[in-house]
Each structure stands twice: as structure tokens, then as C-alpha cells.
Amino acid sequence: MSRLEALARVDADLSAGRVPVARQRLRGLVSSFPQDLTLRRRLAEVYRLYGDAAEAGRWMYLEEDRNADETTAFEARYASPGRRMKALAWHGPEANAATPFAERQLLAVRTACADELGHPVDWDDPASYRDGLEEKDEKVPFEPWTLGGVLAGVGCLAAVLVFLGIWIYGLVALFG
């Protein structure tokens, strides 16, 4: 299916109120044509229908007329440069960007990621910025048992035992 046919289907989906289907179609188009800023803008519009400022900011990040609140929400959700690189889903060099602003944005994100990781990163090699995607200090501290947790565990165990007892009683009554 061509890009124009897919966009016509997006329009039809939106007219019919099938917003999730339109969103999915646009995500596929952006994946196939990552340098097309018009597709990114359309996807941002769909996320605005959901009220998801961070995702709208994500897809408008390369546009000069982007909304500052959406950009802030995007940068908060994707706090590290590595996460932003992955979220922007760009392919190829920054020079392929349609506008000078988009090129500067992409270069700034890639440079920040390389500075943070201490080695060069490449849009086409996610392994080069994978270290920037891992959560730091994600260890969950050990918490001692609480009375509520113990009571909940005992209650679940009692419910399972009652269920098994009824089931066994039913089998015995059926075959005995």
C-alpha cells in the first residue's frame, strides 16, 4: 500500500472514530518513513486526541513550532538522551532531516547521548546507545514483611485450600 493510500485510510479511520487504528497506521508509516516530518506531525495530532502530551511532544520534537509543554512532557518521560534517541525512532544521518531545525535537534540529542556514554553513537545502531537505555539504580530495596502482607498471604492460602477441599469433595461425591 502506498503512503497516500495509507494516509487516506488514516483519514477514513479518524472520520469513523477509529482513533486507535489511525494511530497504529501512522506509527507504521513513521516507522517506514522516519524522515517525513508531516507524518510525525499527524501522529502528534492523534496523540493530542488521547490527551497524551508526552507522546505529542515526542512526535513534534523535530518541529520548530512545537508546543513547549508537550516538549517538556516528552523530555520528562524520556529523561536520558539514550531514551530520547530510541523514542525519536530516527534512521540515517541528521543531514537527512527535512529542516535545519530538525537537523540541529537530532544532532543535539545524539551529541548529548555520546557525551553521557563517553563514546560515539549512531542512529542506525541502537546497540551504540543501549547503555543509555538502562535504568540506573533500579534495585528494589528489601522490605521486611508487614502484617498486612502476611494476612493477605494467609487469606490467599486459605482460599486456595477451601477451593481444593470443595473440588476434592465434589470428586469423591461424584465417583464415590
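The values are calculated or read from the model by the stated rules, or taken from the named source; none is laboratory data. Quick caveat, the model's predicted, so the values are computed rather than measured. Ideal geometry is used to build each Cβ from the backbone, glycine not excepted, and the neighbour counts take in all protein chains shown. Accessible surface areas use protein heavy atoms only, side chains included; no ligands, DNA or RNA. Shrake-Rupley method; radii C 1.70, N 1.55, O 1.52, S 1.80 Å.
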In debye, nearest 20: dipole of the chain around its Cα centre with unit charges on the Cβ of K, R (+) and D, E (-)? 620 debye
Once all protein chains are kept in place, residue 80 shows an accessible area at probe 1.4 Å, nearest 10 Å², of 20 Å²
Dividing the alpha-carbon radius of gyration of segment 24-107 by 2.2 N^0.38 Å, where N counts its residues, gives 0.98
Shape parameters for segment 9-63, alpha-carbon atoms, Rg then Dmax in Å: 10.4, 29
Please list, short to long, the whole-number percent of alpha-carbon pairs of segment 32-71 in consecutive 5 angstrom bins beginning at zero. 6, 32, 34, 20, 7, 1
Using 0.36 nm per residue of separation minus the Cα-Cα distance, give me the extension gain between residue 16 and residue 4 in nm, one decimal. 2.5 nm
Just to make sure I understand: if all protein chains stay in place, what is the order of 75, 64, 5 by accessible area at 1.4 Å, largest first? 64, 5, 75
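Expressed as a whole percent, how much of the Cα-Cα distance distribution for segment 84-127 exceeds 15 Å?
In whole percent, the share of Cα-Cα pairs in segment 84-127 beyond 15 Å is 35.
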Rg/Rg_globular for the chain, with Rg_globular taken as 2.2 N^0.38 Å and Rg from C-alpha atoms: 1.58
Roughly speaking, to the nearest percent, how much of the chain's 1.4 Å accessible area is carbon and sulfur? 60 percent
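Per the helix-only calculation at 222 nm, which mean residue ellipticity applies to the chain, given -39500 (n - 2.57) for every DSSP H run of n ≥ 4 and division by its residues, nearest 500 deg cm²/dmol?
After summing the helix terms and dividing by the residues of the chain, the value is -21000 deg cm²/dmol.
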Which whole-number value in Å² is the accessible area per residue of the chain, probe 1.4 Å? 63 Å²
Rounded to the nearest 10 Å², what accessible area does residue 90 have for a 1.4 Å probe in the complete protein model? 0 Å²
